[in-house]
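Here is the structure we will look at, set down as structure tokens.
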Amino acid sequence: MTLLEHAAFAFSGLLVYVLVTRAGKHRRQPSAALSWVLVIAMFPYVGVPLFLLFGTRKFVRPGVLVRLQSVSPAGGLTATGQAATGRTDADSGRLVAGDASLSGPAWATQVLASFGLPPACRNHEITFHADGEQSWQALLDLVRGAQRSLDLCTYVLRPDEIGDRIVAELAQAAGRGVHVRLLLDAIGCLRTPRDRIRSLRAAGVSVRWFMPLLHNPLRGRTNLRNHRKLTIADGWRLWSGGRNQAVEYFHDRPGDPAWVDLSFSVVGDLAVQAQILFEHDWQVASGRTRQSPVPTGLAGDGVPPAAASSAIAQLVPSGPDHVDDTVYSLLLAAAYHTQTRLLAVTPYFVPDDALLSALCLACRRGVQLTLLIPARSNHPLADL
């Protein structure tokens, strides 16, 4: 290949980068953008394929926002299930908090409202699990108590005592007439035996894979994964948090204690919002990206209202299906608005320059910053 041909290929690669990022309005850090440009310019035969495979952080179209519908006190949906288009009129599904008692700090409320997220809602009950054993029992109780529908989404389904038990519980639920769906991330569940999946399907469980390795590239890049852990029973009871379906998240083993993680159970409107989030992920896994209404009978029908409860919570989803980096933006805003104390607990502390600067400035303003991180996490690269 001549030098001119090489230059033409490199120029074409840069043109592809510009077209993809501009057409999709992808937001990325200047350092990341510069890295991609340098790799494509200097090593185009490697850089261009890598960019096409892993260079996209989001798979939503510009102007299309995955919105969670607000819920009425009786658990019904008060907005249609279609994707919003960025309009600000009353028909666009814009959500406004009508109960001042549910409002949090003004800065947080305004930031989350700007992302099109529903306001905080009242729930019958919110329980944070003290440890893995309590979390596991809460999950079993939810699965066994499902009467009409049961939806489970996980990044990892390990072939161990926890994974095998969950597979058996889902099959039993389907056997007693419950409508059971299982959504698995194709990368996180690479080690999941396919015979277990076949046995689930034979028992009547619907199973879908999120973003398989071999898929239509127009549906998204391979690096766009689904890390959500949701289990929803009857559209009204929710188990969620950071725990995957694997033994290390729940049970101590000889010489290897269970990981310290966070999980919780909710009974109320927050579960209805989680149900809508699951519906969207379920459709994406089937190749559709536009949200449709939650099926009748799967969103808390017949459940008494939670208006008298004081368990208030707000669901803040994040990921490649959201145009904005919701959680990151909330963290950044918190660092700038905090007045006295900021407590952060995370297994992986790898902040970018903007977040690190915001935290340092908070300290200089006299804010007490408490950062709790593990001495050793499950990702050595993050520890380094």
Residue ID - modelled with the lowest pLDDT, chosen from residues in region 13-49 that are surrounded by 13 or more Cβ atoms within 10 Å (Cβ to Cβ) and polar (S, T, N, Q): THR21
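Looking at region 163-181, can you tell me whether even one residue there is charged (D, E, K, R), within 20 Å of VAL260 (Cβ to Cβ) and modelled with pLDDT of 95 or more?
Narrowing region 163-181 to residues charged (D, E, K, R): 164-165, 169, 176, 181.
Restricting the remaining residues to those that are within 20 Å of VAL260 (Cβ to Cβ) gives none.
Taking every residue of region 163-181 in turn, none turns out to be charged (D, E, K, R), within 20 Å of VAL260 (Cβ to Cβ) and modelled with pLDDT of 95 or more.
Residue by residue, here is whether (1) open to solvent by 10 Å² or more (accessible area, probe 1.4 Å); (2) aliphatic (A, V, I, L, M); (3) under 30 Å from PRO119 (Cα atoms); (4) modelled with pLDDT of 95 or more holds:
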{"position": "LEU184", "(1), (2), (3), (4)": "no, yes, yes, yes"}
{"position": "SER206", "(1), (2), (3), (4)": "yes, no, no, yes"}
{"position": "ALA233", "(1), (2), (3), (4)": "no, yes, yes, yes"}
{"position": "ALA246", "(1), (2), (3), (4)": "no, yes, no, yes"}
{"position": "ARG253", "(1), (2), (3), (4)": "yes, no, no, no"}
{"position": "TRP259", "(1), (2), (3), (4)": "yes, no, no, no"}
Kindly check whether there is at least one residue in region 252-268 that is under 15 Å from ALA311 (Cα atoms) and among the basic types (Lys, Arg). no
Which ones in region 235-286 are within 21 Å of LEU190 (Cβ to Cβ) and outside any loop (DSSP other than H, G, I, E, B)? GLN245, VAL247, GLU248, TYR249, ASP281, TRP282, VAL284, ALA285
Tell me which of these CYS189 doesn't satisfy, since it passes every other one: (1) part of a loop (DSSP other than H, G, I, E, B); (2) open to solvent by 30 Å² or more (accessible area, probe 1.4 Å). (2)
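Yes/no matrix, rows are residues, columns are (1) assigned to a helix (DSSP H, G or I); (2) among the hydroxyl-bearing types (Ser, Thr, Tyr); (3) more than 24 Å from ALA113 (Cα to Cα):
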position: GLY319; (1), (2), (3): no, no, no
position: VAL327; (1), (2), (3): yes, no, no
position: LEU330; (1), (2), (3): yes, no, no
position: ALA333; (1), (2), (3): yes, no, no
position: LEU342; (1), (2), (3): no, no, no
position: SER357; (1), (2), (3): yes, yes, yes
position: CYS363; (1), (2), (3): yes, no, yes
position: LEU371; (1), (2), (3): no, no, yes
position: ARG376; (1), (2), (3): no, no, yes
Residues in region 117-166 that are touching a residue at least 40 places away in the same chain (Cβ under 8 Å), open to solvent by 60 Å² or more (accessible area, probe 1.4 Å) and under 27 Å from VAL327 (Cβ atoms): how many? 4
Would you confirm, using the coordinates I've provided, whether TYR336 is closer than 21 Å to ASP261 by Cβ and open to solvent by 60 Å² or more (accessible area, probe 1.4 Å)? no
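The values are calculated or read from the model by the stated rules, or taken from the named source; none is laboratory data. Because the structure is a prediction, the values reported are computed rather than measured. Cβ atoms come from the backbone with ideal geometry, glycine included; neighbour counts cover every protein chain shown. These accessible areas exclude ligands, DNA and RNA; they are computed on the full protein's heavy atoms, side chains included. Shrake-Rupley method; radii C 1.70, N 1.55, O 1.52, S 1.80 Å.
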